[in-house]
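Structure first, then comments.
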Amino acid sequence: MKIVFSEKCLEYGLWHIEGPIRVKIAYEFLKERGYEFLEPTPAEEEDILKVHDYEYVEGIKKGILEDEDTPAYENIYEYATLSAGGAIMASKINGFSLMRPPGHHVGIRGAALGAHTRGFCYLNNIAIAVKKLNKPTLILDIDGHHGNGTQEIFLGSKDVFYISIHRHPLYPGTGYHSEFNCLNFPLPAECGEEIYMKTLSKAFNMIDMSKIEVVAVSAGFDTIVGDIASLGLREDSFKKIGEMIAKLEKTTFFVLEGGYIGEKLGKAIDALIQGFEK
Ligand SMILES: [Zn+2]
């Protein structure tokens, strides 16, 4: 599997928890492991507007939208469109987009489903890629936080299904129960790999896979022990997760979300890809 990456995504936000170091360390680890990398091009505005409201996109562009988690960095629109472009490229090559900023907390007009912030997100990268593909898709969100933005964007959709396995209670305070096409599996802190894997299996069994052509994975890694949404997973737990995704036998791509411990992030991404490709 090829990895989509641009060093441009390391240029901002050094002081922030969602900073460049985590991705830089992961990138260097994966480079050492021999992966091939491709440079993304920015998403087109036309594709962004399939997901986000015009006024919201203009606000990001002008640098006037800011909340306590999500600063209005200089040139953030360029970084955000490049990260969205990374997701689009990953969807075309069935690869892994190792780009930041992440995206799953941001909805149509910004903070989603009553959340107070956009949780480090500017454009919903995976949603932009899925809308552009326009195929029956299962979005699997394995980040430790509920992807409230993604749920808001696709709630009620007939051909996009959403599964999220996340820690509860935790930011953004959504995803306690399932609604229509959005299946939510809140789990207690540090529940561990066995419960996690059983939950993932149960979630897959609830979807009519004959209706699905593409699996898009919101690949967050903050469920690892010591990270901010730990469910007690280890780096090599992601090998099992990758194997289970591969068993669906669908066209699949991956888009980075959270995961804030760089050393663990690189190893977990490698494990996920190795498990998937086994
Ligand atoms: Zn997260």
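The values are calculated or read from the model by the stated rules, or taken from the named source; none is laboratory data. Remember, predicted model here, so these are calculated numbers, not experimental data. Cβ atoms come from the backbone with ideal geometry, glycine included; neighbour counts cover every protein chain shown. Accessible surface is based on the protein model in full, side chains and every heavy atom, while ligands, DNA and RNA are left aside. Shrake-Rupley method; radii C 1.70, N 1.55, O 1.52, S 1.80 Å.
Quick notes
- Relative contact order, percent, the chain [alpha-carbon distance under 8 Å, six or more residues apart]: 20 percent
- Kirkwood hydrodynamic radius (C-alpha pairs) into Stokes-Einstein, the range 99-138, 25 °C and 0.890 mPa s, D in µm²/s: 229 µm²/s
- Gaussian network model of the chain, springs between alpha carbon atoms under 10 Å - residue of Met209, Met89, Met99 with greatest fluctuation: Met209
- J(HN,Hα) series, the range 7-21, from Karplus relation 6.51 cos²θ - 1.76 cosθ + 1.60, nearest Hz, glycine and proline x: 4, 4, 6, 9, 7, 9, x, 4, 7, 8, 4, 8, x, x, 4
- Here the range 1-112 is treated as an ellipsoid with the same Cα gyration tensor; its semi-axes, largest first and in whole Å, are 24, 17, 10.
- Column: log10 I(q)/I(0), Debye, Cα scatterers of the range 67-126, q = 0.17, 0.22, 0.23 Å⁻¹: -0.54, -0.83, -0.88
- Straight-line cross-link reach from Lys8 at under 24 Å between alpha-carbon atoms covers these lysines, not counting any fewer than eight positions away in the same chain: Lys24, Lys31, Lys61, Lys62, Lys92, Lys132, Lys264, Lys267.
- Rounded to 5, the percent of DSSP beta bridges in the range 174-278 classed as antiparallel: 10 percent
- Comparing Glu243, Glu32, Glu152 in a Gaussian network model of the chain, where Cα atoms under 10 Å apart are tied by springs, the biggest mean-square fluctuation is seen for Glu32.
- Sum of -39500 (n - 2.57) over DSSP H runs of 4+, divided by residues of the chain (222 nm, nearest 500): -11000 deg cm²/dmol
- From the C-alpha gyration tensor of the range 139-253, square roots of 5λ in Å: 21, 17, 11
- Cα-based equivalent ellipsoid of the range 127-187: semi-axis lengths in Å, sorted from largest, via gyration tensor: 20, 11, 9
- Computed on the range 85-198, with alpha-carbon pairs under 8 angstrom and 6+ residues apart, the relative contact order is 21 percent.
- The trypsin sites (Lys or Arg not before Pro) of the range 114-183 that meet both conditions, a loop assignment by DSSP and at most 14 other Cβ atoms within 10 Å of the site Cβ, are Lys158.
- A Cα-only calculation for the chain places Rg and Dmax at 16.6, 46 Å.
- Considering only chymotrypsin sites (Phe, Trp or Tyr not before Pro) in DSSP loops that have at most 13 other Cβ atoms within 10 Å, the longest stretch of the chain without any of them is 16-175.
- Residue of His168, His104, His16 that the Gaussian network model of the chain assigns the largest fluctuation, springs spanning Cα pairs under 10 Å: His16
- A 1.4 Å probe run over the protein chains yields, for the range 99-140, 27 Å² of accessible area per residue, whole-number rounding.
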